[in-house]
1. Between rounded, prolate and oblate, where does region 54-169 land on the alpha carbon gyration tensor, with a ≥ b ≥ c its root eigenvalues, rounded for a/c under 1.5, else prolate if a/b exceeds b/c?
2. If you take every residue apart from Asn52 with its C-beta less than 12 Å away from the C-beta of Asn52, what net charge results, scoring Lys and Arg +1 and Asp and Glu -1?
3. So for region 1-119, considering every pair of alpha-carbon atoms, how many percent are separated by more than 26 Å?
4. As an exercise, find the ratio Rg/Rh for region 20-79 from alpha-carbon atoms, using the Kirkwood inverse-distance average for Rh.
5. Can you run phi through the Karplus equation (6.51, -1.76, 1.60; θ = phi - 60°) for region 87-93 and list ³J(HN,Hα) in whole Hz, with x for Gly and Pro?
6. Only counting other Cβ atoms within 10 Å, I'd like Asp153, Asp56, Asp46 sorted with the fewest neighbours first.
7. From the Cα gyration tensor of region 111-151, with a ≥ b ≥ c the square roots of its eigenvalues, which class applies: rounded if a/c is under 1.5, or else prolate if a/b is larger than b/c, or else oblate?
8. Would you pull out the residues with amide H under 5 Å of Ile79's amide H, same chain only if 5 or more places away, H placed 1.01 Å from N?
Amino acid sequence: MAQLKEYYQKEVVPALAQQFGFSNTMRVPRITKVVLNMGLGEAVADKKILENAANDLGLISGQKVVVTKARKSIAGFKIREGWPIGCKVTLRGERMYEFLERLVGIAIPRIRDFRGLSPRSFDGRGNFAMGVNEQIIFPEIDYDKIDTLRGLDITITTTAQNDDEGRALLTALRFPFRGMPSATEEAPAVEETEQNEEAPAEEAPTEETEEEAPAAEQTEQTEEAPAEESGEDASERDKEES
């Protein structure tokens, strides 16, 4: 059994059942299939291109590739109905989980300038789609043996009823979606707020001392004034008595 499948059964199913309040674990969303597709419009002019692409996709998936053909003629692209225009493969069961293990653990971290998967790449029914620009991110591809760099589309079909359930499922399976702040990013914000709250407390004592100083001087002056008047009255009384 693939490690990812075992992890899903033992860890993901109980966690999602508790998160969404499912009394029956059969209601917990799961992945049913993964489709890998390569579109090759240039294969119309050169059949060798289709052979090389099918070989690459077969190495990535470990399964026989199916050639896709045009359903109708398109004059603008010089394509006729029935012409080969790409290749695809559908993965289920053990091979599907083995591919997802390599995708999440090896291939995605090798994407250049990777900043996380878009959490909006769902179709409204819990199915997820992503594009890969270069097939060399997969460990099965030897860079020295390919003729050119090719991209492919990866579609993950789930039993989720909505995008929230599908996103929770893939997040639990360790798909690296962007937009989730880490603990290290939150620390500076906390320090700034603490400094801003402490600043007014330090300024408060200086303002009080400045305001209290004039008040103290006024009280001293008012207390001395009556003392001077009492001295004059005493001298006048001495003159009258003499």
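Each reported figure results from applying straightforward, stated rules to the coordinates on display, with no laboratory input. Predicted model, so just to flag it, every value in this text is computed and none were measured. Counting neighbours? That spans all protein chains shown, and the Cβs are built from the backbone with ideal geometry, glycine included.
1. Oblate, because a/c is 1.5 or more while a/b does not exceed b/c.
2. Charge balance in the 12 Å sphere: -1.
3. Of the Cα pairs, 41 percent sit more than 26 Å apart.
4. Value, to two decimals: 1.24.
5. With the stated coefficients, region 87-93 comes to 8, 8, 8, 10, 10, 9, x Hz.
6. By the 10 Å Cβ count, ascending: Asp46, Asp153, Asp56.
7. prolate
8. For Ile79, whose amide H was placed from the backbone, the distant partners under 5 Å are Ile74.
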